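Have a look at the structure below before the remarks.
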Amino acid sequence: MNTDFTLISHTLCPYVQRAAIVLAEKKVPFERINIDLGNKPDWFRAVSPLGKVPLLKTEDGTYLFESAAIVEFIDEVCGKRLHPDDPVERASHRAYVEFASQILNGIGALYNAAGACEFETARQALRSKFEHLDRRIDKEGPFFAGDTFSLVDAAFAPVFRYFDVFDTVTDLDMFNNLERLKRWRRALAKRTSVMNAVTDDYEELLRAFLLKRGSWITGLMQETDRPAQAQTA
Ligand SMILES: N[C@@H](CCC(=O)N[C@@H](CS)C(=O)NCC(=O)O)C(=O)O
């Protein structure tokens, strides 16, 4: 098994987490290099066609880009397959990995929303996608396709992680009454590969990132933080 992989990363990137989770599921050791996306190094610009992370540097020095291509490559060359054998099921899993990417775009729309209306529109759009997922995921769980962890799980774990921080800021009513989804979220949060895909200071870094947005959620965070600041003053 190839153990000479380098994952070019950013501390908060959910797409990087997908690759880190799949590498961990396959028990493949890898080096992780975090780069500053606000000040991209020249070497990174030279090897990243879209200027984005993740990149996976393989043993022969090839830089792979796009998380979907990267995780499928890892799945093909390392250990037991996480993608289903059945072609229809596999195509459906690929589509739900893309669905997770669309939800990540929706999360971006939520945290970038400038005002209450925009925020509410983004919230509702996300909620309806989660309602669809709650109907689609396996009835018994705990994962997307039942008791076997798949690439769809690796794509959704970073999605749910955002809500661990959002939940400390405001009640988004995102998962209320979506019992299968809540069970899935809990199962993913307990998974070692998922826990280790970010550093211990992830929540702190995400909070700092959100506080700098100057968006509607930034205001909500400042309101939530105010009583604590007043107590310590
Ligand atoms: N479709 C890409 C999305 C990757 C992506 O958006 N990465 C972000 C960080 S989470 C990035 O590198 N952004 C830098 C930029 O756009 O300049 C994938 O799946 O790998």
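Read-outs throughout are calculated quantities, based only on the coordinates presented, and are distinct from any laboratory measurement. Nothing here was measured: the structure is a model prediction, and the numbers come from that model. Neighbour counts are summed over all protein chains in view; Cβ atoms, including those assigned to glycine, are modelled from backbone coordinates with ideal geometry.
Here is how the numbers come out for the structure above:
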quantity	calculated
Cα centroid of region 103-147 to Cα centroid of region 29-80, whole Å	27 Å
Added length on full extension, which subtracts the Cα-Cα distance from 0.36 nm per residue, Thr218 to Ala46	58.5 nm
Theoretical gain in end-to-end length, Glu89 to Asp147 [0.36 nm per residue, Cα-Cα removed]	19.3 nm
Net charge contributed by nearby residues that have their C-beta within less than 14 Å of His132 (K/R +1, D/E -1)	+2
Computed over the chain: relative contact order in percent, which uses C-alpha pairs under 8 Å that are six or more apart	22 percent
Relative exposure of His83, His93, His132, judged by other C-beta atoms within 10 Å (fewest first)	His132, His83, His93
Globularity index of the chain, i.e. its alpha-carbon radius of gyration over 2.2 N^0.38 Å	1.05
For q = 0.10, 0.13, 0.14, 0.16 Å⁻¹, Debye-computed log10 I/I(0) when each Cα of region 87-195 counts as one equal scatterer	-0.28, -0.47, -0.54, -0.71
Residues Phe163 and Lys80, FRET efficiency given R0 of 25 Å [Cβ-Cβ distance, rounded to 0.05]	0.25
Sum of side-chain charges, Pro54 neighbourhood, beta-carbon under 11 Å (Lys, Arg +1; Asp, Glu -1)	+3
Qualifying trypsin sites (Lys or Arg not before Pro) for region 155-233 [loop in DSSP, other Cβ within 10 Å: at most 11]	Lys212
Within the chain, percent of DSSP bridges classed antiparallel, to nearest 5	60 percent
Beta bridges by DSSP in region 5-77, antiparallel share as percent, to the nearest 5	55 percent
Residue-count net charge about Leu7 - beta-carbon cut-off 11 Å; Lys, Arg +1, Asp, Glu -1	+2
Largest-first principal axis extents, alpha carbons of region 5-77, Å	32, 26, 19
222 nm mean residue ellipticity, helices alone, for the chain (DSSP H n ≥ 4; -39,500 (n - 2.57); rounded to 500)	-19000 deg cm²/dmol
Mean-position separation - Cα centroids, region 158-191 and region 202-216, in angstrom	18 Å
Loop-resident sites, region 137-226, for GluC sites (Glu not before Pro), counting at most 12 other Cβ within 10 Å (DSSP)	Glu140
Gained length - Asn34 relative to Ser128, 0.36 nm times residue gap less alpha-carbon distance	30.5 nm
Ascending count of other beta-carbon atoms within 10 Å, so fewest first, for Val71, Val28	Val28, Val71
